[in-house]
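Notes follow the structure.
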Amino acid sequence: MGNMTVQDIASQQYISDPAHLRRALDRVLPAVIKPGRYAGGEWNMARKDWEAAETRMAFLFPDVYEVGMSNLALRILHGLVNEDPRFLCERAFAPWPDMADKMRSAGIPLYALESFRPLRAFDVLGVTLQYELSYTNILNMLDLAGIPRRAARRDSGDEWPWLIAGGPGAFNPEPLAPFFDAFLLGDGEELLPAVLARIGADKKNGVPRAETLARLTELRGVYAPAFYTPSADERGVFQGWQAAAPAPPLVRKAVVADFNAAWFPARCIVPFNETVHDRIMLEVMRGCTRGCRFCQAGMLGRPLRERAPEVLRRQALESVRATGYEEISLVSLSTGDYSGVSHLLRDLTADMAGWSVNVSLPSLRPDSFDVELAAEIQKTRKSGLTFAPEAGTQRLRDVINKGVKDEDLFRAVAAAFDAGWNNIKLYYMIGLPTETEADLAGIAAQAEAALQTGRRRSGKARVTVSVSNFVPKPHTPFQWAAQDSRETLQAKQGYLRDKLRRTPIKLQYHDADMSAAEAILSRGDRRTAGLLEVLADKGARFDSWSEWFRPELWQEALRATELRAEYFTGARPWDAALPWDHLSAGVTKEYLRAEALKSERGERTEDCRLVCGACGACGDTA
Ligand code: SF4
């Protein structure tokens, strides 16, 4: 019983008798906020036979229930794994601080919502890495589950679950590398079942864990950090990775080629609690051809794959029948670019008429929004409408390759107000490479012009400006760029506040300290794993929530680990070896560098549906 924590001891008891955990929970839940987050039993929840499953997985979402249950990756992968008779998949979310504290003091280990089994009971824990500021929650969840953080401490036999992760964060997972056995790069629909089958079969055949890990590296898209050693020059500057066989020197992402055949979660779980997105998410396409130079999602998702309208209409009907949701959102990175989007909208609106279901679109590029589309959308219940010009001048929009013209924005805004919208939100980013005061002034001028466009049509017209801070991301043309300092970002936010002070335009902006923390992890290397551990030990959690983010802990942790934030937020030399060079999203480093050089010259790159830019993604799918 030496150094077993309360959770350790309790887990043993609860693993053998999950009902025991239910009883312990009954004593705790009445005293916490939104107990429904922890109770399970929702509509469409899968109840699979524990004993019959070859591989038992728990899907961990490192944020609160309402956010996790709105995540499309969770809906797809959790549903897909449960669809397979060999596997079972359950869910666990980061408990809100009040619940985490109660669990810790009551000795209740983190458990899965379907069977109330502690996470230690599972063969595999799969984590989705959607945003960097959720990483401290991952360590908190491991602590609460009584599972050692570092993979090296879990490799004794199969007492401990495998820890794997996927999502955009897997394309530079080095800050998390010591904590995970493997990362899954790219589309999970085919790769995840292959990984679970391998683990399940080897467990059954008593294959040693190390051998299983080696076999996993033979699957395209699997990155096992244990096989990669960083090399540095005599000054200690990172020079690249040494890969040990059988691991490939370059890990290439998994790509689902036939997107029409890709699994779709029609029977997704319908929570009792209100969630961030209480609606059906119909994924109309994956990838984007626009090539905005700050956008990581656009690069990681290439090549573009559209789903056929008839497939989407069938999925919509199946989903409405299975969930009773009253809204369908057509999701993708740029839904306005979906071929025949107006036709699809018209057909879906007609299909849904009998079900009184609303069809909506997420934020739209101004240059893909027109009167026709406005007419289709406004047939259903009108919520706000969001456009993303990103930068306030044509010069800077060309630098970031956004390709939207002023007249596109004003035509879209006019079409929206004409179609009866009163609420328009405009998305911008500040701190972009080459940004000047004129670009900031351009944001204010555009917003005021948009408001005037609205006010000429209705006195109720309102415009909100939402400004995020540029964070340089791996696998983008701006992966070498510097992030503005906290002081500079705050000064720019102050400039916009002054510019818009005497207007009725609402201004929203992001916390500069949070953006700096995000940038440290976004381009972090293995040394930043130590930073995360110190942060978790100091009590950092829910860092993506402004009410919980504590910048002083980050300063303390940076000092404790002798890391300089500027090293991670500053510019990188063109010839620098990057911590993610051994991981491929299909888009080549040469293409990214060429795009970065074009941005310095203010040169645009055409939408690659019109002209292929030879980024490499289309040739890297087989
Ligand atoms: S290879 Fe060409 S067409 Fe394919 S994603 Fe890249 S730029 Fe676009």
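The values are calculated or read from the model by the stated rules, or taken from the named source; none is laboratory data. Note that this is a predicted model, so its numbers are computed, not measured. Backbone-built Cβ (ideal geometry, glycine too); neighbour counts: all protein chains shown. Surface accessibility is based on the protein's heavy atoms, side chains included, excluding ligands, DNA and RNA. Shrake-Rupley method; radii C 1.70, N 1.55, O 1.52, S 1.80 Å.
When the Cα atoms of the stretch 149-248 are aligned to their principal axes, the ranges along those axes come out at 47, 30, 25 Å in descending order.
Plainly put, the stretch 462-574 has a radius of gyration that is 1.02 times its Kirkwood radius, both from alpha-carbon atoms, as the Rg/Rh ratio.
How many percent of the accessible area of the chain is carbon or sulfur, using a 1.4 Å probe? List each step's numbers first, then the result.
Details: 12750 of 24270 Å².
Carbon with sulfur: 53 percent of the solvent-accessible area.
Percent of Cα-Cα pairs more than 25 Å apart in the stretch 29-138, please. Display every interim value, and only then the final one.
Working: 1077 of 5995 pairs.
The calculated P(r) of the stretch 29-138 puts 18 percent of pairs beyond 25 Å.
Counted over the stretch 78-121 with a bin width of 10 Å, the fraction of Cα pairs per bin, in whole percents, is 26, 46, 19, 9.
On average, how much area does the Cα convex hull of the chain cover when viewed from any direction, in nm²?
For the chain, the mean projected area of the Cα convex hull comes to 27.7 nm².
Along the axis of the charge dipole computed for the stretch 272-352 (Cβ charges of +1 for Lys and Arg, -1 for Asp and Glu, origin at the Cα centre), the listed residues THR335, CYS295, ALA316 are led at the positive end by CYS295. Counting only cysteine Cβ atoms and a cutoff under 4.7 Å, the chain contains unmatched residues CYS89, CYS268, CYS288, CYS608, CYS612, CYS615, CYS618.
What ranking of TRP43, TRP50, TRP545, TRP421 comes out by heavy-atom accessible area, probe 1.4 Å, highest first?
On the way: TRP43 150, TRP50 30, TRP545 70, TRP421 5 Å².
The ordering from most to least exposed comes out as TRP43, TRP545, TRP50, TRP421.
Magnitude of the charge dipole for the chain, about its Cα centre and with charges confined to Cβ atoms of Lys, Arg (+1) and Asp, Glu (-1), is about 980 debye. Annotation: extensible slack from ASP101 through ALA210 equals 35.7 nm (criterion: 0.36 nm per residue apart, minus Cα-Cα distance). Per residue, the chain exposes 39 Å² of solvent-accessible protein surface, assessed with a 1.4 angstrom probe and all protein chains in place. Rounded to the nearest 500, what is the 222 nm mean residue ellipticity of the chain from helices alone, with -39500 (n - 2.57) per DSSP H run of 4+ residues and division by all residues? Helix contribution divided over all residues of the chain: -11000 deg cm²/dmol.
Of the residues TRP574, PHE264, ILE443, the one whose Cα sits farthest toward the positive end of the charge dipole of the chain, with +1 on the Cβ of Lys and Arg and -1 on the Cβ of Asp and Glu, is ILE443.
Report the Rg/Rh value for the stretch 216-343, based on alpha-carbon coordinates and the Kirkwood definition of Rh. With Rg and the Kirkwood Rh in hand, the quotient comes to 1.12.
Order 137-143, 319-325, 203-209 from most to least packed using the mean count of other Cβ atoms within 10 Å. Mind dumping the intermediate values first?
Details: 137-143: 22.9, 319-325: 17.0, 203-209: 12.6.
The peptides rank, most packed first, as 137-143, 319-325, 203-209.
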